[in-house]
Amino acid sequence: MNMRFIRELPAPEALKEEFPVKEQVRAVKEKRDGEIRRIFDGTDSRLLLMIGPCSADNEEAVLEYLHRLRRVQDEVADKILMIPRIYTNKPRTLGTGYKGMLHQPDPRQAEDMLRGMIAIREMHTRAVEETGFTCADEMLYPENHPYLSDLLAYVAVGARSVEDQLHRLTASGFNIPVGMKNPTEGDLSVMMNSIVAAQHGHTFIYRGWEVQTQGNPYAHAILRGYVDRFGHNHPNYHYEHLRTLLELYAQRELAHPAVVVDVNHSNSGKQYAEQIRISKDIVHSCHVSQEIRGLVKGLMIESYLVDGCQRVDGGVFGQSITDPCLGWEKTQRLVYDLAELW
């Protein structure tokens, strides 16, 4: 085997014991988990916003962003519930480049997975303690979820992972909502099959154990647009796409039909400022059709302190070093507009 074993990493239980959460954090998570479930089961009509940077590359910048977001959340709490994005591992199409804080707690230094595990747990913990937000992360590596399972409010399975068996089966054992993105080429049947798998119970191998799950009734769709065989981006957020998704749900016996629409990526053609127009277009579709209003539970928005993106060594505090994001002023205005429109 052409693989060098560097060191054995601590088990999730050991890391949780070394870096435990306070009772206050457990209480916040329990309360927010209930609120989020009520949105997905339709008893709470508020709009979810999964909002935050493309990748959480700097702890202090992320916490500054969350403190600002907290003040806005308090003003729009009757219409909107925010789940900040703290994405700590970053899928790379070519496998190269910055892979997130889990790999590199400092993007300008070498990879260090042990330091990364500790860093992401501390950052998610600070988010709850300082702002009252339990947050979302992407499940790039299914076996890593237990390191954060007592902190997270939401998990996304990415477009490149949604067809993977272990991602689907692992999601079936979560007690929080899991969003399944459509794959990069846009085949919605792949996404729907993933939701079916995640909503059913399974027995499988996980972290060296034979485990059994009961199914996750809050597994749901995320529409993120797609890329054709010529490399061109195409959206799938329009009214007709949402009606198609309604039909796909109607063909299957699934609990809590739901969609969160990712307004960046291929839906925006990676033009980050388009997220503003697209978000409002989706809300308009919800006003046109009560069925669509019942299906659409939230939006996924990439946003940070400073507009756009920069190189890893750019030095701009709170500007993305991966995909470009909406800056703070545009974000704040968009949230207020969505609260008024919803």
How many nm is it between the label spots at residue 330 and residue 130, if each spot is 7 Å from the Cα in line with the beta carbon?
-> 2.5 nm
Taking amide H positions as placed in the peptide plane 1.01 Å from N, state which residues far from residue 81 in sequence (5 or more) or on other chains have amide H under 5 Å from it.
-> 47, 48, 49
Overall dimensions of the range 94-186 as given by Cα atoms, namely Rg and Dmax in Å = 14.0, 40
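Compute the signed sum of charges (Lys and Arg +1, Asp and Glu -1) over the other residues within less than 14 Å, Cβ to Cβ, of residue 124.
Details: positive: 16, 22, 26, 29, 32, 85, 121, 126; negative: 59, 122, 129, 130, 137, 138, 150.
Taking every Cβ under 14 Å from that of residue 124, the sum is +1.
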What number of lysine-lysine pairs in the chain show an alpha-carbon separation below 20 angstrom, given a sequence spacing of 8 or more or placement on distinct chains?
-> 19
Tell me the label-point distance for the pair residue 233, residue 3, using the 7 Å Cα-to-Cβ offset, in nm and rounded to one decimal.
-> 3.5 nm
What whole number of Å gives the distance from the Cα centroid of the range 1-28 to the Cα centroid of the range 230-265?
-> 36 Å
How would you order 263-270, 142-149, 121-128 from highest to lowest mean count of nearby Cβ atoms within 10 Å?
-> 263-270, 121-128, 142-149
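Can you give the charge dipole size of the chain about its Cα centre, rounded to the nearest 20 debye, using +1 on the beta carbon of Lys and Arg and -1 on the beta carbon of Asp and Glu?
On the way: 39 positive and 47 negative charges, 48 e Å.
For this selection, approximately 240 debye.
Given N residues in the chain, what is Rg(Cα) / (2.2 N^0.38 Å)? Please report the intermediate quantities before stating the final value.
Numbers: Rg = 18.9 Å, N = 342, 2.2 N^0.38 = 20.2 Å.
That works out to 0.93 for the chain.
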How much length is gained if the chain between residue 190 and residue 310 is pulled fully straight, taking 0.36 nm per residue apart and subtracting their Cα-Cα distance, in nm to one decimal?
-> 39.8 nm
Note: the range 183-342 at 10 °C, 1.306 mPa s; Kirkwood Rh on alpha carbon pairs; Stokes-Einstein D in µm²/s works out to 91 µm²/s
Solvent-accessible area per residue, Å², over the chain with all protein chains present [probe radius 1.4 Å] | 44 Å²
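Can you give the Rg to Rh ratio for the range 1-68, taking only C-alpha atoms and Rh from Kirkwood?
Details: Rg = 18.1 Å, Rh = 16.2 Å.
Rg/Rh: 1.12.
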For the range 139-154, just list the computed ³J(HN,Hα) in residue order, Karplus coefficients 6.51, -1.76 and 1.60, θ = phi - 60°, integers in Hz, with x standing in for Gly and Pro.
-> 8, 6, 10, x, 6, 8, 4, x, 5, 10, 5, 8, 10, 7, 9, 7
By the mean-Cβ-within-10 Å protection proxy, highest first, 77-86, 306-315, 62-71 rank as 77-86, 62-71, 306-315
In the chain, taking the dipole from +1 charges on Lys and Arg beta carbons and -1 charges on Asp and Glu beta carbons about the Cα centre, the listed residue (269, 86, 158) farthest towards the positive end is 269
Bin width 10 Å, alpha-carbon pairs only: give the P(r) of the range 139-231 as whole percents, running from 0 to the bin holding the largest distance.
-> 18, 51, 25, 6, 0
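Rounded to the nearest 5, what is the percent of antiparallel bridges among the DSSP beta bridges in the chain? The partial results should precede the final answer.
Values: 7 of 38 bridges.
Percent antiparallel among DSSP bridges in the chain is about 20.
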Of the peptides 168-178, 222-232, how do they stack up when ordered by the mean number of other Cβ atoms within 10 Å, highest first?
-> 168-178, 222-232
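The values are calculated or read from the model by the stated rules, or taken from the named source; none is laboratory data. This structure is a prediction, so every number in the text was calculated from the model and none was measured. Neighbour counts are summed over all protein chains in view; Cβ atoms, including those assigned to glycine, are modelled from backbone coordinates with ideal geometry. In case anyone asks, the SASA skips ligands and DNA or RNA and just uses the protein heavy atoms, side chains included. Shrake-Rupley method; radii C 1.70, N 1.55, O 1.52, S 1.80 Å.
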